[in-house]
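Below is one structure; the comments refer to it alone.
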Amino acid sequence: MFLANVLDDPACQPIKKSYEYWYTFMEKDVEFWLPDSVWHTKTHSARVLLLALLIGHQKNVNDEEKYALAMAAVFHDSRRLDDGIDQGHGCRAAEYYKEYCREHDLPYNEQTFYITAYHDQDDSLGLSEIKKSPGLNERAILLYQIFKDADALDRFRLGSDGLDVRFLRTEEAHQLVDFAKELLRKSSENYE
Ligand SMILES: [Fe+2]
Ligand SMILES: [Fe+2]
């Protein structure tokens, strides 16, 4: 299991089972358009999954909200056409998620849809679209911020100055900066 060497960290105990479940789901069932991607691999999504679950746990999200974060993590970069900014990949991934739920008779979560669709856009746009959606409330805003922070925390893969921590949105993410660096280092160790 990818990141098995991290999951034994006491900090990961509360989210270990969820991580293992969603990681396995992604490996088996989520198709990525850019399998040879350098920066947006399934391993990136796995780290984002772990970080989103950790921040979510610290923010006391409920099970449905945990589901929303996990699904966003495993789908968010699945519809990239290139490794650049590729604005619009969020929307394509959200449509893929929606279609996937329909085809597999899975419960569709609107929070997942919005988080995924706007994760590659400015917060101002993402937040205004979430606020406009009658089916969503301030919890969706919190989930969007948690998710964007989790995605941002994995920017150290781009280089030691890949993340400007001033742009992190949640206090929990600020506290996880060193953990995220360590996570990246450990994820390149051998795993089975
Ligand atoms: Fe993305
Ligand atoms: Fe990402």
Exercise for the section: Could you work out which residue, out of LEU49, LEU106, LEU153, moves most in a Gaussian network model of the chain, that is, has the largest mean-square fluctuation with Cα springs under 10 Å? Expected result: LEU106
Completion exercise
Along the dipole axis of the range 35-123 (charges at Cβ: +1 for Lys and Arg, -1 for Asp and Glu; origin at the Cα centre), the most positive-end residue among ALA73, THR112, ALA94 is ALA73
Practice task
About the Cα centre of the chain, how large is the charge dipole given +1 on each Lys and Arg Cβ and -1 on each Asp and Glu Cβ? Please answer in debye to the nearest 20.
Solution key: 240
Exercise for the section: Determine the calculated [θ] at 222 nm for the chain from helices alone, applying -39500 (n - 2.57) to every DSSP H run no shorter than 4 residues and normalising by the residue count; nearest 500 deg cm²/dmol. Expected result: -18500 deg cm²/dmol
Exercise for the section: Report Rg (one decimal) and Dmax (nearest whole number) for the range 122-178, counting Cα atoms only, units Å. Expected result: 12.8, 40
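With +1 on each Lys and Arg Cβ and -1 on each Asp and Glu Cβ, how big is the dipole of the range 1-85 about its Cα centre, in debye rounded to the nearest 20?
Values: 9 positive and 13 negative charges, 32 e Å.
Using only the charged Cβ atoms, the result is roughly 160 debye.
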Completion exercise
Here the relative contact order (percent) of the chain, from C-alpha pairs under 8 Å and at least 6 apart, is 23
Completion exercise
In whole Å, largest first, the alpha carbons of the chain cover along the principal axes 43, 33, 33
Fill in the blank from the handout: The rounded separation in angstrom of the Cα centers of the range 20-51 and the range 149-172 is 19
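Coordinate-derived values only; no laboratory data. Because the structure is a prediction, the values reported are computed rather than measured. Using ideal geometry, Cβ is built from the backbone for each residue, glycine included, and neighbour counts are taken over all protein chains shown.
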